[in-house]
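Undergrad: Sending over a structure as structure tokens; questions will come in a sec.
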Amino acid sequence: MHIIDGEKIATTIKENLKTEIENLKIKPGLAIILANNNPASAIYVKNKEKACEKIGIACNIYSFNEDSKEQDIASLIKDLNANPAIDGIILQSPTFPHLNENYLVSLIAPSKDVDGFSPLNIGYLASNTENFIAATPLGILKLLEYEHISLTGKHIVIIGRSKIVGRPLALALLNRDATVTICHSKTTNLKALTKTADILIVAIGKPEFITADYLKKDAVVIDVGINRINNKVIGDIDFASCSKVASAITPVPKGVGPMTIAMLLSNCVKSAKRRNNNG
Ligand code: NAD
């Protein structure tokens with residue numbers, strides 16, 4: 001059984017991105033809009049800012065409070081869309097409840113939507129003309145690519161249908177010739193389906209939910225879950241039992257998590273390279 005070292009792969013990717021940035025004529029710019037007062041979001045945003053600084057991306061954070069008007073954020077997005085120094089714009093989710101998050105995301109120019117959440121980029125993904133793919137699904141694709149795990153014709157079962165993980169991942173895997181099954185909370189025969197998976201990807205947010213009896217022998221198992229229990233982070237997969245049946249498995253932490261931030265940076269660099277080559 002092989003443990004897939006997401007942290008090591010993410011470090012290699014970030015080093016490569018730093019070199020790519022050094023070779024650009026321009027400095028990439030990322031704008032992060034924070035419109036909530038959730039402490040977890042503040043930490044995520046800080047981590048993104050630090051990761052940007054480390055590799056040479058200028059990161060600007062725009063914070064709003066409970067009294068902020070949707071129109072003010074909409075105006076900011078329009079200004080950022082027109083600002084040539086900005087290559088990527090992200091709206092940290094969730095936003096304050098009085099804001100229409102989907103509407104605000106839809107205002108982000110698809111060419112700067114490095115989170116890949118805008119309706120047009122989802123449409124591109126669905127029609128197999130990919131532009132930006134969301135960071136977590138893209139991170140999973142990269143992990144599988146680095147590990148030389150082929151996708152063509154494989155039966156890949158994804159548990160979880162969220163718009164940030166399961167749905168875009170299913171589309172991206174279809175684009176790569178996998179046979180994809182998406183399971184969710186209303187799926188009735190979960191174990192029967194997971195037991196036929198060559199690759200099982202779990203993103204449900206339920207600690208150690210998937211045990212060895214859900215797996216086909218020698219399956220590749222990707223754990224997206226992040227569950228904080230007693231100051232420890234654990235995944236959706238019971239690593240102890242599943243690692244005895246799987247051929248390869250991602251740990252939590254140090255599996256999918258570090259890849260997510262690396263892929264956000266990668267999308268920013270992709271956008272900056274387009275500007276660099278047009279300038
Ligand atoms: P979500 O709450 O939006 O969606 C959860 C999904 O799991 C739903 O589609 C639901 O139908 C399904 N589900 C729940 N219970 C189930 C069950 N018993 N059987 C089958 N399906 C079930 O979650 P999300 O935002 O997609 O996140 C899922 C997990 O992944 C969370 O732990 C989250 O913290 C983690 N996550 C990690 C990263 C990362 O970078 N590693 C990124 C995003 C999310």
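The values are calculated or read from the model by the stated rules, or taken from the named source; none is laboratory data. This structure is a prediction, so every number in the text was calculated from the model and none was measured. Every residue, glycine among them, receives a Cβ derived from its backbone with ideal geometry; neighbour counts consider all protein chains shown.
Undergrad: Residues that are at pLDDT 95 or above and closer than 30 Å to PRO39 by Cβ: list the helices (runs of 4 or more DSSP H) wholly contained in the stretch 96-209 that include at least 1 such residues. Spell out how you get there, then give the answer.
TA: Working: elements: 101-107, 119-126, 135-146, 166-175, 190-194.
Helices (runs of 4 or more DSSP H) meeting the threshold: 101-107, 119-126, 135-146, 166-175.
Undergrad: Among the residues of the stretch 207-216, how many are near the ligand (Cβ under 10 Å from one of its atoms) and either touching a residue at least 60 places away in the same chain (Cβ under 8 Å) or surrounded by fewer than 16 Cβ atoms within 10 Å (Cβ to Cβ) (or both)? Let's see the steps before the verdict.
TA: Taking the stretch 207-216 and keeping what is near the ligand (Cβ under 10 Å from one of its atoms), we get 207, 209-210.
Among the residues that remain, those that are also either touching a residue at least 60 places away in the same chain (Cβ under 8 Å) or surrounded by fewer than 16 Cβ atoms within 10 Å (Cβ to Cβ) (or both) are: none.
Residues flagged as near the ligand (Cβ under 10 Å from one of its atoms) and either touching a residue at least 60 places away in the same chain (Cβ under 8 Å) or surrounded by fewer than 16 Cβ atoms within 10 Å (Cβ to Cβ) (or both) within the stretch 207-216 amount to 0.
Undergrad: Of the residues that make up the stretch 158-181, is at least one hydroxyl-bearing (Ser, Thr, Tyr) and touching a strand residue (DSSP E or B) at 6+ places or on another chain (Cβ under 6 Å)? I'd like the intermediate steps shown before the answer.
TA: Step one: filter the stretch 158-181 for residues hydroxyl-bearing (Ser, Thr, Tyr), giving 162, 179, 181.
Narrowing further to those that are touching a strand residue (DSSP E or B) at 6+ places or on another chain (Cβ under 6 Å): 179, 181.
Yes, that holds for at least one residue.
Undergrad: Taking interchain pairs and intrachain pairs at least six residues apart, which have beta carbon atoms under 7 angstrom, with the first residue in the stretch 127-150 and of a type in the set (S, T, N, Q) and the second within 16 Å of the ligand (Cβ to nearest atom)?
TA: Short answer, once both residue conditions are applied: THR136/ILE164; THR136/VAL165; THR136/VAL224; THR136/VAL256; THR136/THR260.
Undergrad: Can you spot a residue in the stretch 229-249 that is part of a helix (DSSP H, G or I), in contact (Cβ under 8 Å) with a residue 60 or more places away in the chain, away from the ligand (no atom under 12 Å from the Cβ) and surrounded by 18 or more Cβ atoms within 10 Å (Cβ to Cβ)? Even if it seems obvious, please write down each step before you answer.
TA: Kept after step one, since they are part of a helix (DSSP H, G or I), are these residues of the stretch 229-249: 239-242.
The next check asks that each one be in contact (Cβ under 8 Å) with a residue 60 or more places away in the chain; those that pass are none.
No, the stretch 229-249 has no match at all.
Undergrad: What do you reckon, is LEU120 without any contact (Cβ under 8 Å) to a residue 12 or more places away in the chain and either closer than 21 Å to GLN92 by Cβ or of a type in the set (A, V, I, L, M, F, W, C) (or both)?
TA: Answer is yes for this residue.
Undergrad: Please go through the stretch 195-206 and pick out each residue that is surrounded by fewer than 19 Cβ atoms within 10 Å (Cβ to Cβ) and touching a Lys or Arg at 6+ places or on another chain (Cβ under 8 Å).
TA: We begin by selecting, within the stretch 195-206, every residue surrounded by fewer than 19 Cβ atoms within 10 Å (Cβ to Cβ); these are 195-196, 205-206.
LYS195, THR196, listed by residue number.
Undergrad: Sticking with this one: Please specify each residue of the stretch 152-169 satisfying the condition of being on the phi < 0 side of the Ramachandran plot and surrounded by fewer than 22 Cβ atoms within 10 Å (Cβ to Cβ). Please lay out each step first, then the result.
TA: Looking only at the stretch 152-169, we keep the residues that are on the phi < 0 side of the Ramachandran plot, and these are 152, 154-159, 161-169.
Across the stretch 152-169, the qualifying residues are THR152, LYS154, HIS155, ARG161, SER162, LYS163, ILE164, ARG167.
Undergrad: Mind checking which residues of the stretch 13-43 are charged (D, E, K, R), surrounded by 14 or more Cβ atoms within 10 Å (Cβ to Cβ) and either touching a Ser or Thr at 6+ places or on another chain (Cβ under 8 Å) or farther than 25 Å from ILE226 by Cα (or both)? If you could, list the steps in order and put the result at the bottom.
TA: If we filter the stretch 13-43 for residues that are charged (D, E, K, R), which is where we start, we get 14-15, 18, 20, 22, 25, 27.
When the remaining residues are screened for being surrounded by 14 or more Cβ atoms within 10 Å (Cβ to Cβ), the result is 14, 18, 20.
Correct list: LYS18, GLU20.
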